[in-house]
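Below is one structure; the comments refer to it alone.
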Amino acid sequence: MINLEIPKKFRPLVSQANQVANEVFRPISRKYDEAEHEYPKELDMLASLIDGMNEGSEIGGAGAAGVRRDANGNGDGKNRNGSNLSTVLGVVELCWGDVGLLLSMPRQGLGNSAIASVATEEQLERYGGKWAAMAITEPEAGSDSAAIRTTAELDGDEYVLNGEKIFVTSGDRADLIVVWASLDRDKGRAAIKSFIVERDNPGLKLDRLEHKLGIRASDTANFTLQDCRVPKEALLGSPEVDTKQGFGGAMQTFDNTRPLVAAMAVGVTRAALEETHRCLEEAGVEVDDAVPALCQHAAAARLLEMEADYEAARLLTMKAAWMADNAKPNSLQASMAKAKAGRTCVDVTLGCVELCGSVGYGESGLLEKWARDAKILDIFEGTQQIQLLIVARQLLGKSSSELR
Ligand SMILES: Cc1cc2nc3c(=O)[nH]c(=O)nc-3n(C[C@H](O)[C@H](O)[C@H](O)COP(=O)(O)OP(=O)(O)OC[C@H]3O[C@@H](n4cnc5c(N)ncnc54)[C@H](O)[C@@H]3O)c2cc1C
């Protein structure tokens, strides 16, 4: 059983992250929602502060952590105890402030999690301290990442990458892009590997930035890779194409990153619930946790129902992170958490807009923004439907070809 209270050692981190969310993120939240594609320069100083927190801390910080595992999925003994859980707790607080700004934080990209999880000591030395985005999605490969067409061909001491990548979060601002490409398309999933590409590599051409419904503070870039040469050492993990292991190696990154996206959803959900609670009180609607929901005002009953969903999402997220910290295989729990938290965030933020009426829909507050920001959390790092598919496969013991 996990202890549901926040461990004492994490409390200062949670409190610091909440302070940042409240004092830095919230005041500039609307500004960068409106100024899409403008870099939130206020984050530079904050990022250095978080780097300092990460370095000085035994338990990890609020940013992108990775979990290092051996071939059997066990920890390699180099993980900081509780680093996933502490990251999840920090991310929840920061996204209570603003999820778009969290996604724009230098050096905290999903590519950083991948590097932290599988990079060799030499790679950590070479690429550590840089901001890394993650480029998996292509025009013909979204949910089905095994359909990736980008190729990586070995030429002497370099790999030559060719293909197209779309919807890369922080793709324009990051220093590095972790690109998924196939070493041999005839060998299927097992041949897909990730490569670290420097953002200023002349073979990496920025095609355009996307305009979006939500998370507008975060840049989303599309690229073409044209004879993009990277050193052999830029390949993350083993270059061996092991058809027995299949996709397992590359997919393991998701066991670490899905709880993080679930944590983002938990943070946004809590922000909306708290604001709605405040609005209802202001309107004279009392919400009483000690009285059955159906005996209360209909608006209070709806809020309590949404709070129960939030609590389930939060606990699943913490469990998935706790399992990763304790070297327990967590693919099932990571997908459960992502599915529950993503859907809850979309339902609850819209439910809160509904409960608060014109106050919820207008731009004088942030509820309408959170409802727009929420949707992506149920799409990237695997959509709702894909998470449910993974859960079903795991529970029924079916392979991806048996249940698709
Ligand atoms: C703002 C934003 C940021 C992003 N950031 C990144 C990033 O940093 N890096 C990156 O690599 N990608 C990123 N993505 C891409 C994102 O991961 C993909 O959009 C997502 O994986 C879905 O792929 P798709 O859009 O091609 O949809 P599709 O795969 O075409 O799916 C369309 C619909 O069909 C459903 N569906 C698909 N297959 C099945 C199935 N087998 N069973 C049931 N339903 C199914 C899906 O759930 C979805 O509802 C980002 C996307 C956005 C919008």
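Counting the residues of segment 139-163 that are surrounded by 19 or more Cβ atoms within 10 Å (Cβ to Cβ), within 13 Å of the ligand (Cβ to nearest atom), outside any helix (DSSP H, G or I) and in contact (Cβ under 8 Å) with a residue 12 or more places away in the chain gives 3. Under the condition of being assigned to a loop (DSSP other than H, G, I, E, B) and more than 19 Å from Arg258 (Cβ to Cβ), the residues counted in segment 352-402 number 11. In a residue-by-residue description of segment 349-358, the property of being of a type outside the set (D, E, K, R), closer than 23 Å to Gly100 by Cα, at pLDDT 95 or above and within 15 Å of the ligand (Cβ to nearest atom) applies to no position. Among the residues of segment 173-184, the ones that are over 16 Å from the mean Cα position of the chain (by Cα) and in contact (Cβ under 8 Å) with a residue 60 or more places away in the chain come to 3 in all. Contact map, segment 112-138: residues that are of a type in the set (Ser, Thr, Tyr) paired with residues that are at pLDDT 90 or above, Cβ distance under 8 Å, separation 6+ or inter-chain. Pairs shown: Ser113/Leu260; Tyr127/Leu176; Tyr127/Ile196; Thr137/Lys165; Thr137/Ile166; Thr137/Phe167; Thr137/Val168. For segment 204-218, a residue qualifies if it is more than 10 Å from the ligand (Cβ to nearest atom), assigned to a loop (DSSP other than H, G, I, E, B) and surrounded by 16 or more Cβ atoms within 10 Å (Cβ to Cβ), and exactly one does: Ala217. Taken over segment 1-50, residues that are under 26 Å from Glu275 (Cα atoms) and in a helix (DSSP H, G or I) amount to 27. Among the residues making up segment 185-197, those that are in contact (Cβ under 8 Å) with a residue 24 or more places away in the chain and either at negative phi or within 16 Å of the ligand (Cβ to nearest atom) (or both) are Arg185, Lys187, Arg189, Ala190, Ala191, Ile192, Lys193, Ser194, Phe195, Ile196, Val197. Gln226 passes every criterion in (1) closer than 30 Å to Leu85 by Cα; (2) in contact (Cβ under 8 Å) with a residue 60 or more places away in the chain; (3) open to solvent by 40 Å² or more (accessible area, probe 1.4 Å); (4) over 23 Å from the mean Cα position of the chain (by Cα) apart from (1).
The values are calculated or read from the model by the stated rules, or taken from the named source; none is laboratory data. If you're wondering where the values come from, they're calculated on a predicted model, not measured in any experiment. Cβ atoms come from the backbone with ideal geometry, glycine included; neighbour counts cover every protein chain shown. Surface areas here come from the heavy atoms of the whole protein model, side chains and all, with no ligands, DNA or RNA. Shrake-Rupley method; radii C 1.70, N 1.55, O 1.52, S 1.80 Å.
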